[in-house]
Amino acid sequence: MSRISNRMKRRDDIHRLKTRPFTAETLKEFRVKQALRAEIDRSRRLARKDISSFRIFDVGCGAAQTIAYLRALGYDAWGGEASPQQFDLARQGLEGIGLDPSVVVLLDLSSGKYPVSDRSFDFVYSDNVLEHVENLESFVQEVDRLTRTGGRGIHIFPSRLKLIEAHVRMPFVHWTLNSSVRLALIRLSIAMGMDPLWKKTETMCPREAAKTYLQYLNDHTFYRPLSEIRLAFRRVGLGCDTRPTRDTIAQKPFLAPLFRIPVLPKLAEYLSVRFHTTILRTEKINNQPNNKA
Ligand SMILES: C[S@@+](CC[C@H](N)C(=O)[O-])C[C@H]1O[C@@H](n2cnc3c(N)ncnc32)[C@H](O)[C@@H]1O
């Protein structure tokens with residue numbers, strides 16, 4: 001398949017997920033990220049709970065395919081959405097495969113809360129959501145409220161200095177907040193053939209398309225340094241760690257010998273967290289907010 005048709009297929013997949021509910025057919029091809037699966041398994045073992053009583057909450061669950069997948073494994077998986085459109089699609093998808101749609105709830109924008117009880121989940125996670133969160137403080141407070149004492153979680157998101165911005169698939173455009181520089185970088189990327197070819201920009205001239213990508217980045221992405229994100233989690237009393245765990249490494253057996261070389265795990269963590277994807281594991285150590293970083 002050529003690069004262009006690859007890009008069009010990827011675009012069509014994303015467009016389908018944002019506009020149509022998932023189906024039993026699309027779910028067959030769906031795989032949960034290894035890091036997420038490994039951390040759920042590890043946390044459940046540490047909590048000494050069986051699968052059916054292990055309660056999971058997916059913050060920003062999108063179309064809720066992960067929830068359906070985890071439910072098929074037997075987990076008591078729930079999720080929340082901030083977007084009413086995604087919330088409707090998620091519920092339709094779950095209902096379509098015979099699951100209870102009420103396991104997905106809508107964020108109350110005025111309170112920043114989901115209509116679920118305090119400390120009712122063993123594991124609270126988000127996948128590719130944190131880079132879209134404008135109010136970080138409210139987000140971490142809600143993650144903390146949902147997590148039971150001793151509970152854990154994982155937050156997977158593209159790092160601020162990732163070379164290619166994940167949504168518009170252009171290099172460096174999110175490294176700056178300056179709109180003129182961003183627009184120039186976007187135009188340069190388009191001129192070099194790096195147009196993500198969104199459905200909505202298909203019929204636009206390059207100039208108009210560039211403005212659409214710029215507006216999306218400005219309105220819907222909020223990249224932050226990891227130090228700021230860690231501090232926000234720690235302020236509410238959630239411990240943070242970005243080191244790969246034995247379980248994550250065990251999922252990739254070919255990496256195991258490399259990870260026995262002393263500096264390599266640290267180097268791999270540094271490069272990934274800085275320039276690719278951040279995998280931040282959390283643990284609710286106590287009930288009291290602590291202001292220590
Ligand atoms: C890129 S999608 C990821 C969806 C899903 N987690 C996945 O991996 O397929 C980001 C989702 O986060 C949601 N979102 C953005 N800000 C949010 C917030 N503050 N709280 C909860 N969800 C949020 C958006 O509505 C969107 O559905």
Hits in region 58-101 - residues which are among the aliphatic types (A, V, I, L, M), outside any loop (DSSP other than H, G, I, E, B) and within 13 Å of the ligand (Cβ to nearest atom) = 59, 67, 68, 70, 77, 89, 90
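I'd like the residue in region 57-77 that is over 15 Å from the mean Cα position of the chain (by Cα) and buried (at least 19 other Cβ atoms within 10 Å of the Cβ) and, out of all such residues, is nearest to residue 142 (Cα to Cα). Let's see the steps before the verdict.
Pass one, region 57-77, residues over 15 Å from the mean Cα position of the chain (by Cα): 68-77.
Retained after the next criterion (residues that are buried (at least 19 other Cβ atoms within 10 Å of the Cβ)): 68, 70-71, 75, 77.
Numbers: 68: 23, 70: 22, 71: 23, 75: 21, 77: 17 Å.
Per the criteria, the residue is 77.
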request  = Taking only region 178-197 into account, find how many residues are away from the ligand (no atom under 16 Å from the Cβ) and in contact (Cβ under 8 Å) with a residue 40 or more places away in the chain.
outcome  = 1
note = Result of the Cβ filter at 6 Å on region 55-69, keeping first residues that are farther than 16 Å from residue 14 by Cα and partners that are at pLDDT below 95 and not in a loop (DSSP other than H, G, I, E, B), at least 6 apart or interchain, is 68/27
request  = Inspect region 102-116 for any residue being closer than 21 Å to residue 275 by Cα and within 13 Å of the ligand (Cβ to nearest atom) and give the result as yes or no.
outcome  = no
task = Filter region 218-239 for residues that are free of Cβ contacts under 8 Å to residues at least 12 places away in the same chain and either of a type in the set (Ser, Thr, Tyr) or surrounded by 15 or more Cβ atoms within 10 Å (Cβ to Cβ) (or both) and give the result.
result = 227
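Filter region 222-246 for residues that are assigned to a loop (DSSP other than H, G, I, E, B), under 17 Å from residue 140 (Cα atoms) and of a type outside the set (Lys, Arg) and give the result.
Result: 222, 223, 225, 236, 237, 242.
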ask   = Do we find that residue 174 is touching a Phe, Trp or Tyr at 6+ places or on another chain (Cβ under 6 Å) and in contact (Cβ under 8 Å) with a residue 24 or more places away in the chain in this structure?
value = yes
message = Can you tell me which residue is modelled with the lowest pLDDT among those in region 178-212 that are in contact with a Lys or Arg (Cβ under 7 Å, 6 or more places away or on another chain) and in a loop (DSSP other than H, G, I, E, B)?
response = 197
inquiry  = Can you find a residue that is more than 30 Å from residue 148 (Cα to Cα) and loosely packed, with under 13 Cβ neighbours inside 10 Å anywhere in region 80-98?
reply    = no
request  = Inspect region 16-31 for any residue being basic (Lys, Arg), within 13 Å of the ligand (Cβ to nearest atom) and under 29 Å from residue 111 (Cα atoms) and give the result as yes or no.
outcome  = yes
ask   = Does at least one position in region 162-177 carry a residue that is within 16 Å of the ligand (Cβ to nearest atom), more than 13 Å from residue 214 (Cα to Cα) and in a strand (DSSP E or B)?
value = yes
task = State which residue pairs qualify: first residue within 12 Å of residue 79 (Cα to Cα) and at pLDDT 95 or above and inside region 119-131, second residue within 14 Å of the ligand (Cβ to nearest atom) and of a type in the set (Val, Ile, Thr) in any location, beta carbons under 6 Å apart, and separation of 6 or more residues or different chains.
result = 123/56; 124/143; 125/154; 126/59; 127/156
Conditions (1) within 14 Å of the ligand (Cβ to nearest atom); (2) part of a strand (DSSP E or B); (3) of a type in the set (S, T, N, Q); number of the one not met by residue 138 = (2)
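Does residue 31 fit the bill of being more than 13 Å from residue 153 (Cβ to Cβ), of a type outside the set (Gly, Ala, Ser) and in a loop (DSSP other than H, G, I, E, B)? So that I can check it myself, show each step before the final result.
Numbers: more than 13 Å from residue 153 (Cβ to Cβ): yes; of a type outside the set (Gly, Ala, Ser): yes; in a loop (DSSP other than H, G, I, E, B): yes.
Taking the combined requirement at face value, the residue satisfies it.
The values are calculated or read from the model by the stated rules, or taken from the named source; none is laboratory data. What you are looking at is a predicted structure, and each value in this text was computed from that prediction instead of being measured. When we count neighbours, we look across all protein chains shown, and the Cβ atoms used for this are built from the backbone with ideal geometry, even at glycine.
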